[in-house]
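The values are calculated or read from the model by the stated rules, or taken from the named source; none is laboratory data. Given the structure is predicted, the values throughout are model-derived calculations rather than measurements. Cβ placement follows ideal geometry from the backbone for every residue including glycine, while neighbour counts extend to all protein chains displayed. We work out accessible area using only protein heavy atoms, side chains counted, and drop any ligands, DNA or RNA first. Shrake-Rupley method; radii C 1.70, N 1.55, O 1.52, S 1.80 Å.
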Amino acid sequence: MVLQINSEKIEVIDVHVHPIDITLAEFIPPSEIVQTMDKAGVDKAVLLAIDCDEEDFDRFISQEDLKAAVEEAITDGSLWFSRRYWLSMSLEDLRKLGKNILRIIKTPNKKIFEYTKRYPERFVGFGSVNPNKGEEYVKGKLREIKDYGFKGVKLLPTIQFFNPKDEKMTQIYEFAEKEKLVMLIHTGCDPGPWELVTLSKNANPVYLDYVCENYPNLKVIAAHMGSYSAQFPGIWFDEMVRIVKKHENLYVDIAATFSEKNLKKAVKEVGAEKILYGSDYPVIGGYCDRNTGMINCVNWLKQVDLPPEAKRKIFGENAKSLLSLK
């Protein structure tokens, strides 16, 4: 399948793909991902590593932290859905859920390299590094990312437990800037305990202001347009727009965000040239998962009321330029 808009062939580059089936806790064979891409008309996919540690949950989130986060969620009367959900779970349930997510989602750099080596014309690799493991560990992971020939680094302030302004991030930013690696940083909430806004506050895109200001030659993509949240879709969208408008080196991807209103506002406010297509495959259950494939996300953007030129940029031209792809 080749994507066409007004009879024009459009190149589609998905900058946000995970090679892991969360529900079955197993990696998806690379050939299956390629077949899924073919069915949806996706030409290239950026596969993302995630370097996380389930033991970090207890290191960075105490029972007191969990209790305070839940209490904040249930005391606001407007959050009736949130209140019912959080009251149905004990703190120990939340702890176990968080640790299990960290165990399942971990995706080694080596696994991404194996996939990109198998299909170099279809896959682009982004590595990852856990910033909490100490200077020598971080150095080793950064060397690994360079040696594997990856195009970028994937970071998540939520499940990797950092604030983008933390001093421990300096080594990573400096390396990425020097090596011309693109930084893809998660913004918004995350599944499980990280739907508690207090636990995801470090993923507010306002903190990327510091990164882009202090590393002007570092290209940064704010994943999910600051909008990722099952309970509060678009949670920090307005903050994202304000920050992206300030910095030439800051971009966004639209993975797992399906608000036509917000996308059209982003195109108007920051320009189509700052927006990248992404799906978040296969994380979106029942819509963009292993069974449904990537086609729903492609079709969603295709039907949005935007000029063909804007769609062409978002679908692939921007990513091709940013990642220096052939």
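Brief remarks follow.
- Percent RCO, i.e. relative contact order, over the chain, from Cα pairs under 8 Å lying at least 6 residues apart: 19
- About its Cα centre, the dipole of the chain is roughly 800 debye, where the only charges are +1 on Lys and Arg Cβ and -1 on Asp and Glu Cβ.
- Our estimate of slack between ASN163 and ASP76, defined as 0.36 nm per intervening residue step minus the Cα-Cα distance, is 28.8 nm.
- Counting lysine pairs in the range 92-142 that sit 8 or more residues apart in sequence, or on different chains, and whose Cα atoms lie under 21 Å apart gives 14.
- Label-zone membership for the range 196-213, site GLN231, 7 angstrom Cα→C-beta point, backbone N under 17 Å: 196-204
- Relative contact order of the range 116-257: 20 percent, from C-alpha pairs under 8 Å at least 6 residues apart in sequence.
- Efficiency of FRET between GLU54 and GLU114 - r from beta-carbon atoms, R0 30 angstrom, step 0.05: 0.85
- Whole-number accessible area per residue in Å² for the chain, which is evaluated in the context of all protein chains at 1.4 Å: 44
- Mean Cα-pair separation over length for the range 54-116, i.e. relative contact order, pairs under 8 Å, 6 or more apart, %: 42
- Hypothetical label at LEU325: residues of the range 8-31 whose amide nitrogen lies under 19 Å (7 Å Cα-Cβ projection): 8-20, 30-31
- Phi-based couplings in Hz for the range 151-165 (Karplus 6.51, -1.76, 1.60; Gly and Pro marked x): 8, x, 10, 9, 10, 10, x, 6, 7, 9, 6, 8, 9, x, 8
- For MET183, the residues whose amide H sits under 5 Å from its own are VAL153, LYS219, VAL220, ILE221, ignoring neighbours fewer than 5 places away on the same chain, with H placed 1.01 Å from N.
- Longest exposed-site-free window of the chain, the sites being GluC sites (Glu not before Pro) in a DSSP loop that have at most 13 other C-beta atoms within 10 Å: 122-247
- Local net charge near ASN291, Cβ-Cβ under 13 Å (Lys/Arg +1, Asp/Glu -1): -1
- DSSP-defined beta bridges in the chain - what % are antiparallel, rounded to 5: 20
- Interchain or long-range residues, amide H under 5 Å from GLY226's placed H: THR187
- Secondary structure note: in the range 9-141, about 30% of the DSSP beta bridges are antiparallel.
- The local environment of VAL15, defined by Cβ-Cβ distances under 14 Å, has a net charge of +2 under the rule Lys, Arg +1 and Asp, Glu -1.
- Carbon/sulfur fraction of accessible area - the chain, other protein chains in place, 1.4 Å, %: 48
- Principal semi-axes in Å for the range 1-97 [√(5λ), Cα gyration tensor, largest first]: 40, 20, 12
- For the range 179-221, applying the loop criterion from DSSP together with a ceiling of 15 other beta carbons within 10 Å to the trypsin sites (Lys or Arg not before Pro) yields LYS180.
- The largest-to-smallest principal axis extents of the Cα set in the chain are 56, 46, 41 Å.
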